[in-house]
Amino acid sequence: MERITTFEQYQQAYKNSVENPEAFWAEQAELFTWRRKWDKTLEWNFNEPDVKWFSGGKLNITENCLDRHLEKRGDQTALIWEPNNPDEAAKKISYKELHSEVCRFANVLKHNGAKKGDRICIYMPMVPELTIAVLACARIGAIHSVVFGGFSFKSLSDRIQDADCNIVITADGGFRGAKDIPLKSVVDEALEICASVKKVIVLKRTHTNVIMKKDRDIWWQEEMEKVSDVCPAETMDSEDTLFILYTSGSTGKPKGVVHTTAGYMVYTDYTFRNVFQYNSGDVFWCTADVGWITGHSYLIYGPLLAGAATLMFEGIPTFPDAGRFWNVIDKHKVNIFYTAPTAIRSLQAMGLDFVKPYKLDSLRVLGSVGEPINEEAWNWYNENIGKKNCPIVDTYWQTETGGMMISAMAGITKTKPGFATLPLPGIQPALVDEKGNELHGNNIEGRLCFKFPWPGIIRTTYGSHERCRETYFNIYKGYYFTGDGCRRDEDGYYRITGRVDDVIKVSGHLLGTAEIENAINEHPDIVESAVVGFPHDIKGWGIYAFVICDNERKDVDNLKSEIIQTVTKYMGPIAKPDKIQIVKGLPKTRSGKIMRRILRKIAENDLANIGDTSTLLDPSVVEEIKIGAVL
Ligand code: PRX
């Protein structure tokens, strides 16, 4: 079956996937090019954890993204690129051309000493060369670790060091709206403390002046001239690592989520085709940056595996004005559009005048990802963008799940605003109480877990398997725990209620509160800080920082802007606090633990429900914080 087309087929596929998961996924895996067929479809245990899909199989994912399509659709567009500046020409790259460029850059990597298993950091703007770099790594069996171009030098160096990367691929700079982002100079600063990096390959994009370090830094364009475009793909095992992607956690240190080759391939392809109801020839646009999992799975791998035309946009939704998304949809006749609730809310706030000039009649399916979508934004998206004619798929998933987990299939599953709806075939959710007991039946609320593996599941966290076990598999024995709260309503529909741990979703980006605190504490006058989230109309969640200053600084406004600059410098602009309150003390228990529950209530302006403060070392700090709260 090419893909599911009716709700009855979905129900049947779901039933099959639970009763006989191995047969279900083996059938999907048959669609690909294998160099050697797998021996065993699934081996697993969630205690270690140890999950292997398609073991014994040999393949290369780029042969499935590129070579497999050459005969049938070599001249069809694989990648459409829309530049930041609408006056610059867009590009269309065919499957044949993309194959040639990927092979050529794979040879550049080899020529510069890259080998199978090496870790390569990619820190680039949203240009076609980013996709080429990702696929070129996969072509030669090197492990890509893409770092979002909005992260600053410290976040970048932490990630380079953790994965022990030996090559960094970057650009002189990147264009984002009216700004130029100085990527190369951030890399230079990061590399001052990363001894493992031997080569930096630099794409010329903004043509700004950069310093090129002798014997280390080389130009992308010059290197491409030196090599051929013939590069046979490396043979990979099903369970060889394809990539590492860092995600924030409750502790200050980001986790390198490891995904492997075959399972990730089968899962991103299956979910892409079925959830979006992809038809051959469709133009698909995912607005996520490749620095996040959504960009990996549904801008690059999923669409290319399916042979689609995938659109990559360099800019931002409000440049040159808030009609840009709609302009691009009309310009490239986009059929399937996948974006985040934050973008929808911010464009909604700009008013309909930015939407009206556009026809938007090529659209067939709309998607949402990354955070809960509120009913108002859902309705606006449905009425003004979809013209009540395009099903909306609210896709729930995570960096760790590799692909979508709970989502409608477009036009097949009945939708309800605010609900991710039903689990996809192969996905077995369980809601558990705080002790880990599964809650059965409908009309219940609990913590969202999964009790059976799917092919795209995280295999480990790079450098520390124990961390993976502790974070995801040890909290509730026998389950993978997502960190999200969830409700299952009377129809068995799932609604994600938000994180239950110390991470916050700010504009759809997952940020660890500890990571932001560490950045704030880099300010020389700050001795301690505590960060919590508060509901924010556009961003979903905003960042509220309580900080203790070690001297009596009178220039509070200056201090606050210095704190914002410090966070921007050490983490990046996405982690800038929205509200800062200077406090004398933090609410701590006698054992020294900060009671964040109290701070959250203050940040949410829910002072009536602060609850019991009697276990605090000094309950009077709460009164002081309440008085000075920034509301
Ligand atoms: O809290 C959930 C939220 O995003 C988290 C995962 O973030 P990240 O690993 O950055 O991946 C984002 C893109 C897949 C989840 O734990 N989340 C993601 N999608 C939804 C969502 N919350 C509600 N509804 C969604 N559709």
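Considering (1) farther than 23 Å from ILE140 by Cα; (2) in contact with a Leu (Cβ under 9 Å, 6 or more places away or on another chain); (3) in contact (Cβ under 8 Å) with a residue 60 or more places away in the chain, the lone condition that THR235 does not fulfil carries the number (1).
GLU48 falls short on exactly one of the conditions (1) touching a residue at least 60 places away in the same chain (Cβ under 8 Å); (2) outside any helix (DSSP H, G or I); (3) open to solvent by less than 60 Å² (accessible area, probe 1.4 Å), and that condition is (3). Of all residues assigned to segment 271-290, none qualifies as being touching a strand residue (DSSP E or B) at 6+ places or on another chain (Cβ under 7 Å) and more than 24 Å from GLN76 (Cβ to Cβ).
Residues of segment 451-468 that are outside any strand (DSSP E or B) and either within 13 Å of the ligand (Cβ to nearest atom) or surrounded by 18 or more Cβ atoms within 10 Å (Cβ to Cβ) (or both): PHE452, PRO453, TRP454, PRO455, GLY456, ILE457, ILE458, ARG459, TYR462, CYS468.
Would a scan of segment 400-413 turn up a residue that is away from the ligand (no atom under 16 Å from the Cβ), closer than 21 Å to PHE272 by Cα and in contact (Cβ under 8 Å) with a residue 40 or more places away in the chain? Checking segment 400-413: at least one residue is away from the ligand (no atom under 16 Å from the Cβ), closer than 21 Å to PHE272 by Cα and in contact (Cβ under 8 Å) with a residue 40 or more places away in the chain. Of the residues ALA349, ALA308, ALA340, ALA322, the single one that is small (Gly, Ala, Ser) and within 30 Å of THR471 (Cα to Cα) is ALA340.
Report whether or not SER346 is assigned to a loop (DSSP other than H, G, I, E, B), open to solvent by 20 Å² or more (accessible area, probe 1.4 Å) and either without any contact (Cβ under 8 Å) to a residue 40 or more places away in the chain or away from the ligand (no atom under 16 Å from the Cβ) (or both). Judged against the criteria, SER346 is not a match. Figure legend. Inter-residue proximity from segment 591-604: first residues under 9 Å from VAL532 (Cα atoms), second residues open to solvent by less than 30 Å² (accessible area, probe 1.4 Å) and β-branched (Val, Ile, Thr), beta-carbon distance below 6 Å, spacing 6+ or different chains. Indicated pairs: ARG596/VAL532; LEU599/VAL532; ARG600/VAL532; ALA603/VAL532. Looking across segment 363-385, just one residue is more than 9 Å from the ligand (Cβ to nearest atom) and within 21 Å of VAL503 (Cα to Cα), and that is ASN374. Across segment 419-445, the number of residues qualifying as away from the ligand (no atom under 16 Å from the Cβ) and assigned to a strand (DSSP E or B) comes to 3. The single condition from (1) crowded, with 23+ Cβ neighbours inside 10 Å; (2) within 20 Å of ILE329 (Cα to Cα) that TRP397 fails is (2).
Total residues in segment 493-518 satisfying the condition of being over 20 Å from ARG600 (Cβ atoms) and either open to solvent by less than 10 Å² (accessible area, probe 1.4 Å) or part of a strand (DSSP E or B) (or both): the figure is 2.
Looking at segment 469-492, which of the residues that are part of a strand (DSSP E or B) and charged (D, E, K, R) is most open to solvent (accessible area, probe 1.4 Å)? Looking at the filtered set, the residue picked out is ARG487. When the criteria are applied in full, TYR358 fails the requirement of being near the ligand (Cβ under 9 Å from one of its atoms), out of contact with any Ser or Thr (no Cβ under 6 Å at 6 or more places or on another chain) and either open to solvent by 10 Å² or more (accessible area, probe 1.4 Å) or aromatic (Phe, Trp, Tyr) (or both).
Out of LYS388, LYS416, which single residue is of a type in the set (D, E, K, R), within 16 Å of the ligand (Cβ to nearest atom) and in a loop (DSSP other than H, G, I, E, B)?
LYS416
The values are calculated or read from the model by the stated rules, or taken from the named source; none is laboratory data. Not measured: the values here are computed from a predicted model. Using ideal geometry, Cβ is built from the backbone for each residue, glycine included, and neighbour counts are taken over all protein chains shown. Protein only, heavy atoms only, side chains kept; ligands, DNA and RNA dropped before computing areas. Shrake-Rupley method; radii C 1.70, N 1.55, O 1.52, S 1.80 Å.
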